[in-house]
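One structure below.
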Amino acid sequence: MSAPPTLHVSQHPAVLHKLAILRDERVEPKKFREIVRELSWLLGYEALRDARVRPLTVRTPLEETEAHELGDRIGLVPILRAGLGMVDAMLELMPTAQVWHLGLFRDERTLRPVEYYNKLPDSATVDLCLILDPMLATGGSATAAIEVLKRWGAVRIKLVNLIAAPEGVAAVSDAHPDVHIHCAALDRQLNDRGYIMPGLGDAGDRQFGTGKAE
Ligand code: PRP
Ligand code: URA
């Protein structure tokens, strides 16, 4: 697969360093959540580089000067459950963002997304939506979320993932070539259970300590 122009894989050394910790199977949920949070901040920072600003005037202790403030109304859309761990860091970056939760889980047999929570109001209230989900695997969940947001009236949508699979990137970019994808890594492939290889395992279970006992 040649990478679509909408795919942005961070090359930042801090991202690479934290990603190695996240992948390590020995990392406990507390540390895992901490790294999810730190990576989210860094990826959010990169994803927002073309957010719109508007001019304003501020007075420094010395004189008045032209400055800027965020002009876009930003909507954060975490995909439950695993996307929850990305919200706090994004809110630190953009304290005025709105947060709209979407509940989707992947049917383990069909790998198709099942929607179970959506309380979006009738029409879009933001200019730029960032969908937050650590994993882009088959792309089913991301595509479903994008379709919900487009029906809602969202025009500018970006996906922020920690790890993406080529299959998921292709599914999203084929169906929604306008949606940019920001991630920390583009991994090799999916396995026969739809898990990203090498990946990090189940992002929800690793954050919330709900993996199957050995
Ligand atoms: C994971 C992940 C994505 C989805 C990705 O969630 O957080 O939402 O799988 O897979 P896809 O690209 O093939 O759709 P999961 O369904 O495991 O739910 P959870 O967050 O509640 O654990
Ligand atoms: N969801 C996860 O949490 N991990 C994967 O590898 C694929 C989907």
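Here the condition is being within 9 Å of ligand 2 (Cβ to nearest atom) and among the hydrophobic types (A, V, I, L, M, F, W, C); of Leu200, Leu162, it holds for Leu200 alone.
Looking across region 36-84, just one residue is hydroxyl-bearing (Ser, Thr, Tyr) and within 16 Å of ligand 2 (Cβ to nearest atom), and that is Ser40.
Can you tell me which residue within region 203-214, out of those that are assigned to a loop (DSSP other than H, G, I, E, B) and without any contact (Cβ under 8 Å) to a residue 12 or more places away in the chain, is nearest to ligand 1 (Cβ to nearest atom)? Break it down into steps so the answer makes sense when it comes.
Here is the first cut: in region 203-214, the ones assigned to a loop (DSSP other than H, G, I, E, B) are 209-214.
Right, trim to without any contact (Cβ under 8 Å) to a residue 12 or more places away in the chain and you get 210-214.
Details: Thr210: 8, Gly211: 10, Lys212: 13, Ala213: 17, Glu214: 19 Å.
Restricting to residues being assigned to a loop (DSSP other than H, G, I, E, B) and without any contact (Cβ under 8 Å) to a residue 12 or more places away in the chain, the top hit is Thr210.
Annotation: of all residues in region 161-171 being within 9 Å of ligand 1 (Cβ to nearest atom) and not small (Gly, Ala, Ser), the one that is surrounded by the most Cβ atoms within 10 Å (Cβ to Cβ) is Asn161.
Of the residues making up region 43-80, those that are assigned to a loop (DSSP other than H, G, I, E, B) and over 24 Å from Leu7 (Cα atoms) number 5. When Ala184, Ala144 are screened for being aliphatic (A, V, I, L, M) and surrounded by 22 or more Cβ atoms within 10 Å (Cβ to Cβ), only Ala184 passes. Screening Asp192 on (1) within 12 Å of ligand 1 (Cβ to nearest atom); (2) part of a loop (DSSP other than H, G, I, E, B) shows it passes everything except condition (1).
Results for (1) touching a residue at least 60 places away in the same chain (Cβ under 8 Å); (2) within 20 Å of Val179 (Cβ to Cβ); (3) buried (at least 17 other Cβ atoms within 10 Å of the Cβ); (4) among the charged types (D, E, K, R), shown as yes or no for each residue.
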{"site": "Ser2", "(1), (2), (3), (4)": "no, yes, no, no"}
{"site": "His8", "(1), (2), (3), (4)": "yes, yes, yes, no"}
{"site": "Arg26", "(1), (2), (3), (4)": "no, no, no, yes"}
{"site": "Ser40", "(1), (2), (3), (4)": "yes, yes, yes, no"}
{"site": "Leu43", "(1), (2), (3), (4)": "yes, yes, yes, no"}
{"site": "Arg59", "(1), (2), (3), (4)": "no, no, no, yes"}
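Restricting attention to region 65-111, the residues that are out of contact with any Gly (no Cβ under 8 Å at 6 or more places or on another chain) and away from ligand 1 (no atom under 16 Å from the Cβ) total 16. Look at Leu120 and say whether it is touching a residue at least 60 places away in the same chain (Cβ under 8 Å) and of a type in the set (A, V, I, L, M). The answer is no for Leu120. Inside region 176-190, residues that are more than 8 Å from ligand 2 (Cβ to nearest atom) and farther than 22 Å from Gly44 by Cα make up a count of 2.
Rule-based calculations on the coordinates, nothing more; no lab input. Everything numeric here is computed off the predicted structure, so don't read it as measured data. Heads up, the Cβs are rebuilt from the backbone with ideal geometry, glycines too, and the neighbour counts pull from every protein chain shown.
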